[in-house]
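Please read through the structure below; I'll follow up with questions.
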Amino acid sequence: MSLFQESFATSFPAVRVRFGAGVRHLLGDEMTALGVSRALILTTPQQADTGAEFAEALGAGAVGVFAGATMHTPVAVSESATARALELRADCVVAVGGGSTTGLGKAIALRTDLPQIVIPTTYAGSEATGILGQTEGGRKTTLTSAKVQPEVILYDAELVRSLPVSMTVTSALNAMAHAAEALYAQNRSPLSTLMALEGLRAFRAALPRVLDNPDDLRARGETLYGAWLCGTVLGSVGMALHHKLCHTLGGSFDLPHAETHAVILPHAIAYNEAAAADLLAPIATIFDGPTPGEALHRFALSMNAPTALRDLGMAEANLDRAADIAVQNPYWNPRPIERTALRQLLQAAWAGDAPQV
Ligand code: NAD
């Protein structure tokens, strides 16, 4: 089937991507090519050892390590990391980690215009977008700016080997959600659709192999390839119900990011599948199910993904409030956002039921 569209407008940022097992050892070359020589390395406290290894390998090319990245990119952490970058006269940031660490690098870039090199260790996809979510005073806001788009991404399969299997699955479903919603995005293009379908196919093919053998570098590489494609579409087209709902659940009820995406994905796609039938049909084919939502649900079950919001700490008594918040700010979605239907979706997702159309 051709993905031709009669009209579209699109642009993709100029990002350098280097891919391959062991490619992290070429970080020094990439810094030279970028014209920088004083890196501030960023990690979470949990990945501080990895940060120290990078600093040692770079030698004089690393001016310091800031191992304080944390979930939701709190402004206070970003400001203290920015102060550290300025004090050390860093001329670039190197973020080694998942979406939280990448978010910190973006927050520093927003404040300083320093170039960013990202070395992802999850599949979240933030490294491929110019989107930054930040929190201050318990409120999460999101901005999109070329200033926060990372310049270089190094995808090294050896670094995702340490991602625990449960996080591997939820992070993969988080990435797949970007691609699934890209299929019906209003501003989609043939290229975003090509990337979204290929990203979904990559996860479909490789994730079961990673579960069989988490050290399978070829399979790990293929999942990172999926993450790159899915992240790139996230940065290129608008998202709808699935991402808004996950934002509400994460922001207002403090539910964990990747797990929430994993639970909601089949339900959000089932909600939209009649309104975007042709566009979503390839999902049923790729994941081999009777409908797109059911196919994703079965795939999630087969990967032992979490399927119930109640298992993530969501109280049933909060579902009404979640539905109220989710309908407050209107946004485009292939099917209109109706409170009753959304409340039903939340109930099914809370209980871990199969998605309802
Ligand atoms: P994360 O970055 O919060 O990482 C979760 C935990 O896993 C951390 O403790 C981290 O140190 C650890 N970890 C990461 N990689 C590991 C590895 N290979 N081995 C062992 N431990 C590892 O999780 P995430 O899901 O990657 O990112 C979530 C955040 O990213 C959210 O705040 C979300 O909003 C944001 N995000 C932003 C965008 C965007 O485009 N702006 C896109 C996707 C996600």
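Convex hull over the alpha-carbon atoms of region 201-307: what's its volume per residue in Å³?
Details: hull volume 11.5 nm³, N = 107.
Once divided by residue count, the hull of region 201-307 is 108 Å³.
Taking only Cα atoms of region 165-351, what ratio of Rg to Rh do you get with Rh as the Kirkwood inverse-distance radius?
0.95
Moving on to the next point. Would you please report the Å³ per residue occupied by the convex hull of the alpha carbon atoms in region 124-208?
With only Cα atoms used, region 124-208 gives 142 Å³ per residue.
Could you give me the radius of gyration and the Dmax of the chain, taking only the C-alpha atoms into account and expressing both in angstrom?
19.7, 60
Another question, if that's okay. Based on the Cβ-Cβ distance of residue 281 and residue 347, what FRET efficiency does E = 1/(1 + (r/R0)^6) give at R0 = 22 Å, to the nearest 0.05?
0.25
Counting helices only, and only those DSSP H runs with n ≥ 4, report the 222 nm mean residue ellipticity of the chain as the sum of -39,500 (n - 2.57) divided by its residues, in deg cm²/dmol to the nearest 500.
Mean residue ellipticity at 222 nm (helix-derived): -16500 deg cm²/dmol.
Sticking with this structure for a sec: If you line up the long axis of helix 217-236 against the longest principal axis of the chain, both from Cα atoms, how many degrees apart are they, to the nearest 10?
80
Another one. Each residue of region 123-136 in order: what ³J(HN,Hα) in whole Hz does its phi give by Karplus 6.51 cos²θ - 1.76 cosθ + 1.60, θ = phi - 60°, with x for Gly and Pro?
9, 4, x, 4, 4, 9, 10, x, 10, 9, x, 9, 10, 8
Using label points projected 7 Å from each Cα along Cα→Cβ, tell me how many nm separate residue 335 and residue 301, to one decimal.
Result for the modelled spin labels: 2.0 nm.
Rounding to the nearest 10 and keeping the result within 0 to 90°, find how far the Cα-based axis of helix 292-302 lies from the longest principal axis of the chain.
It works out to around 60 degrees.
How much accessible area per residue does the chain have, in Å², with a 1.4 Å probe? Write out the running numbers ahead of the final one.
Numbers: 14670 Å² over 357 residues.
I get 41 Å² per residue for this part.
Okay, next question. Amide H neighbours of residue 64 under 5 Å, at least 5 residues apart or on other chains, H built in the peptide plane: list them.
For residue 64, whose amide H was placed from the backbone, the distant partners under 5 Å are 41.
Also, quick follow-up: Say each of residue 37 and residue 320 gets a label point 7 Å from the Cα, pointing the same way as Cα to Cβ; how far apart are those two points in nm?
6.6
If DNA, RNA and ligands are ignored and the probe is 1.4 Å, what is the ranking of 192, 37 by accessible area, most exposed first? Could the numbers behind the result be given before it?
On the way: 192 0, 37 70 Å².
Ranked from most to least accessible, the order is 37, 192.
Around residue 187, which amide H atoms from residues at least 5 apart in sequence, or from another chain, sit under 5 Å from its own amide H, with H modelled in the peptide plane?
Amide H to amide H, under 5 Å and 5 or more residues apart or across chains, residue 187 pairs with 238.
Ordered by packing density, taken as the mean number of other Cβ atoms within 10 Å over each peptide's residues, highest first, how do 347-356, 66-75 rank?
Taking the mean over residues of other Cβ atoms within 10 Å, the ranking is 66-75, 347-356.
How far apart, in nanometres, would the label points at residue 60 and residue 9 be if each is projected 7 angstrom from Cα along the Cα-to-Cβ direction?
Output for this residue pair reads 4.9 nm.
Let me ask something else about it. Given a 1.4 Å probe and every protein chain left where it sits, what share in percent of the accessible area of the chain is carbon and sulfur?
Working: 7500 of 14670 Å².
Percent of accessible area from carbon and sulfur atoms in the chain: 51.
With a 10 Å radius around each residue's Cβ, average the other Cβ atoms per peptide and rank 214-222, 176-184, highest first. Write out the running numbers ahead of the final one.
Numbers: 214-222: 17.3, 176-184: 28.1.
So the peptides 214-222, 176-184, ranked by packing, come out 176-184, 214-222.
How far is helix 339-351 tilted, in degrees, relative to the longest principal axis of the Cα atoms in the chain, given as a value from 0 to 90 rounded to the nearest 10?
70
Here's another thing I want to ask about it. From largest accessible area down, sort 106, 244; use a 1.4 Å probe on the protein chains. Each step should come with its number before you reach the end.
Working: 106 0, 244 85 Å².
From most accessible down to least: 244, 106.
Also: How many percent of DSSP beta bridges within the chain run antiparallel, rounded to 5?
In the chain, approximately 25 percent of DSSP beta bridges are antiparallel ones.
Out of every Cα pair in region 16-160, what percent are spaced more than 21 Å from each other?
32
What FRET efficiency comes out for the pair residue 26/residue 217, r = Cβ-Cβ distance, R0 = 25 Å, nearest 0.05?
0.90
Also: For region 327-333, what does the Karplus curve 6.51 cos²θ - 1.76 cosθ + 1.60, with θ = phi - 60°, yield as ³J(HN,Hα) per residue in whole Hz, taken in order and with x for Gly and Pro?
9, 5, 9, x, 8, 6, 8
The values are calculated or read from the model by the stated rules, or taken from the named source; none is laboratory data. Only a predicted model underlies this, so the values are computations on that prediction, with no experimental measurement involved. No Cβ is skipped: glycine too gets one built from the backbone with ideal geometry, and neighbour counts run over all protein chains shown. To get the accessible areas, we keep the full protein, side chains included, count just its heavy atoms, and leave off ligands, DNA and RNA. Shrake-Rupley method; radii C 1.70, N 1.55, O 1.52, S 1.80 Å.
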